[in-house]
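None of the figures in this text is laboratory data; all of them are computed from the coordinates on show. Just so it is clear, the model here is predicted, and its values are computed rather than measured. Glycine also receives a Cβ, built like all others from the backbone with ideal geometry; neighbour counts cover every protein chain displayed.
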Amino acid sequence: MKSVRQVFKKKRELQINLIRAIRDLHSLNQVKEFSQYREQYLDLILSVLCTAGVYFFLGWQFFDYLTGRPDLGTLFVLRLTIAGLYIVIYSVYLFTWGKIPIRYFIFFVFYTWAGFSPFISYLTGGLYSPYWIDLLFLLIPWFMMIPFSYKKVALHGFFFILIYFLTLFILIPAPVNWIKILEYTFIFSGMYLIGLIVAIFNNLFSASVYQSEQKIKRSEERFRMFTQNSLDVVWTIEMKNRTFTYISPSVYNLRGYYPHELIGRSIIESLTPSSAEQVELMLAHALDEFNAGKKENLMIGEMEQYTKDGKTVWVEVIASFITDEAGRIVEIMGDSRNITERKRAEQELLRIQDRLQLESQLLQQENLRIQYESLKNQVNPHFLFNSLNVLTSLIRLDPCLAEKFTEQMAKVYRYVLEHRDEDLVTLRSEVDFISSYTFLLEIRFMDKIKIDVKIPDSKMGMSIPPLALQLLIENAVKHNSFSKKQPLVIEIYADDSNYLTMVNNLQKRDMKIEGTGVGLMNITARFRHLTEQPPFFGEKEDQFVARIPLLNGAIK
């Protein structure tokens with residue numbers, strides 16, 4: 001009984017899905033752009049139909065000549081008229097190119113065939129003519145080749161059959177062989193139903209292809225607008241000669257060059273000598289890891305580049321290899337972000353710290369407050385430009401996932417813009433932000449990172465500095481190596497002592513990555529202005545532990 005119920009349930013679901021698909025297809029068929037998309041190859045179909053029709057009718061004439069059929073002259077005139085009409089139809093189409101919709105010429109071809117076929121059948125035996133199958137040769141290409149909506153195909157297919165039988169019924173003298181009529185009716189009804197199903201599936205298939213292409217076009221347009229309006233520079237370089245093969249228009253804002261001025265030029269010549277040496281060492285190390293079978297080939301570094309006017313800018317670069325089907329490296333794709341102001345801020349921060357050590361306690365506290373405001377302004381999450389590299393790949397591989405990725409990244413941007421000037425945010429809003437940030441990390445690193453947040457609801461109303469949790473997670477990602485077999489596991493929880501604790505397994509990278517100065521030091525300095533409770537960061541056995549105090553919203 002249970003299995004019978006399941007069968008009926010599945011049957012019902014199938015019926016509902018079919019009805020929904022037909023309804024959506026009907027709505028889509030009303031869209032002008034989709035009609036134009038379906039009919040883009042009608043000119044080719046018209047030429048094939050006219051050519052095939054001429055050879056088809058003349059071929060039957062030659063067959064009648066070989067078999068010695070009577071009324072050859074009348075049949076020849078009739079078939080020559082049809083062939084002549086097809087030639088005229090195609091000639092008129094060529095001379096009126098674009099002035100008359102091509103669908104009318106298609107209708108003319110098929111209705112000419114449907115109108116003349118019963119006369120040929122009448123002259124060659126009536127209901128017993130071997131040429132009654134002409135109508136089948138008409139219906140098969142109509143249902144299978146003509147890319148109109150399924151309703152239009154079904155309606156005109158019915159008219160073809162109706163014209164054929166009515167004309168033949170009028171021409172054939174009494175008495176009529178009704179058994180033969182019923183036999184033909186059964187055959188053509190079956191053919192019509194099969195053709196209708198084929199037309200529906202053809203319509204569904206073209207709708208699916210059209211919608212997929214529209215999604216790809218929208219994704220490409222978003223990517224184009226993103227690269228044109230973004231402050232970051234997206235680029236690719238040819239692996240062998242290190243020359244640019246693509247660079248986004250935003251390079252003009254960064255270095256003063258237009259893209260065409262850099263295409264084909266080496267990336268090495270755009271770097272200062274020390275940065276060029278650093279890049280070669282970075283590439284050599286990444287190639288060694290790639291050849292050793294390590295799939296994680298992300299390269300991260302800071303370098304100094306020349307601008308068109310001879311000055312220099314500091315950029316932070318994230319790059320990875322692009323491989324062909326055989327697994328060979330063909331290009332390097334990367335993203336460059338201007339960090340010149342941040343580098344200056346870091347130097348200024350160091351000077352402030354040195355000065356604070358020499359000043360009095362009162363002056364030190366005042367300067368620390370000023371430094372805190374500076375630190376808040378310098379918080380610039382690393383993931384915002386790392387995500388561009390992931391988005392570039394997703395647009396090509398999975399447009400639907402790329403759209404979800406863009407939505408989550410927009411939430412992250414919105415949070416940063418809304419809260420970066422605030423001293424404190426609720427833990428609840430920070431955790432909500434971390435869920436979007438975690439989605440970006442999971443897509444970027446593909447099951448290599450696991451983040452588990454276990455915070456009771458009673459603690460959600462407490463406060464922490466904005467982006468503090470994100471900086472802790474980013475610090476763990478930056479300084480640890482991980483893979484699918486050995487993922488980076490991060491646990492976040494709150495205890496009764498009103499401290500938020502983050503613990504991750506310690507898997508230090510083989511190559512040390514230089515910090516930017518806006519990580520743990522930033523968090524420590526910010527908490528110094530908010531509370532007397534200090535944060536704690538340190539290694540414990542094979543784990544790294546970070547503990548930051550939860551506040552009640554009052555600033556010290």
Given a Förster distance of 51 Å, report the FRET efficiency between residue 111 and residue 509 from their Cβ-Cβ distance, rounded to the nearest 0.05. 0.10
In segment 449-466, whose amide N lies under 11 Å from the spot 7 Å out along Cα-to-Cβ of residue 491? List them in ranges. 452-454
Mean separation of Cα pairs under 8 Å and 6+ residues apart, divided by the residue count of segment 46-120: what relative contact order is that in percent? 38 percent
How big is the dipole moment of segment 379-549 about its Cα centre under a simple scheme where the beta carbon of each Lys and Arg is +1, that of each Asp and Glu is -1, and everything else is neutral? Debye, nearest 20, please. 480 debye
Starting from the Cα of residue 428, step 7 Å along the direction of its Cβ; do the same at residue 97; then give the gap between the two resulting points in nm. 6.7 nm
For residue 485, counting only aspartates and glutamates whose alpha-carbon sits under 14 Å away and dropping same-chain residues fewer than eight positions off, the answer is 296, 447
Please give the calculated 222 nm ellipticity per residue for the chain, where each DSSP H segment of at least 4 residues contributes -39500 (n - 2.57) and the sum is spread over every residue; nearest 500 deg cm²/dmol? -20500 deg cm²/dmol
Charge-dipole axis of the chain as Lys and Arg at +1 and Asp and Glu at -1 on Cβ define it, positive-most pick from 504, 34, 72: 72
Computed FRET value (nearest 0.05) for residue 201 with residue 63, which takes r as the C-beta separation and R₀ as 41 Å: 0.75
Work out the charge dipole of the chain with +1 on the Cβ of Lys and Arg and -1 on the Cβ of Asp and Glu about the Cα centre, then indicate which of 300, 125, 44 is farthest towards its positive end. 125
Under the rule a/c < 1.5 gives rounded, and otherwise a/b versus b/c splits prolate from oblate, where does segment 233-338 land using the Cα gyration tensor? prolate
Quick one: length gained pulling residue 300 to residue 238 fully straight, 0.36 nm per residue minus the C-alpha distance? 20.5 nm
Identify, among 161, 82, 216, the residue whose Cα sits farthest towards the positive end of the charge dipole of segment 31-220, taking +1 on the Cβ of Lys and Arg and -1 on the Cβ of Asp and Glu, with the dipole about the Cα centre. 216
With +1 assigned to the C-beta of every Lys and Arg and -1 to the C-beta of every Asp and Glu, and no other charges, what is the dipole magnitude of segment 31-220 about the Cα centre in debye, to the nearest 20? 460 debye
Listed residue pairs exceeding 29 Å between alpha carbons, taken from 294/450; 454/484; 10/152; 240/294; 404/540; 454/508: 10/152; 404/540
Just to verify a number: FRET efficiency for residue 44 and residue 533, C-beta to C-beta distance, R0 = 56 Å, to 0.05? 0.15
Mean separation of Cα contacts under 8 Å (6+ apart) over length of the chain, as relative contact order %: 7 percent
Electrostatic dipole magnitude of the chain [Cβ: Lys, Arg +1; Asp, Glu -1; Cα centre; debye, to 20]: 1880 debye
Calculate, in nm to one decimal, what residue 217 and residue 344 gain on full extension: separation in residues at 0.36 nm each, minus their alpha carbon distance. 41.6 nm
Difference of contour (0.36 nm per residue) and Cα-Cα distance, residue 311 to residue 288: 4.9 nm
Using only Cα atoms, locate the centre of segment 284-362 and the centre of segment 162-209, then give the distance between them in Å, rounded to an integer. 71 Å
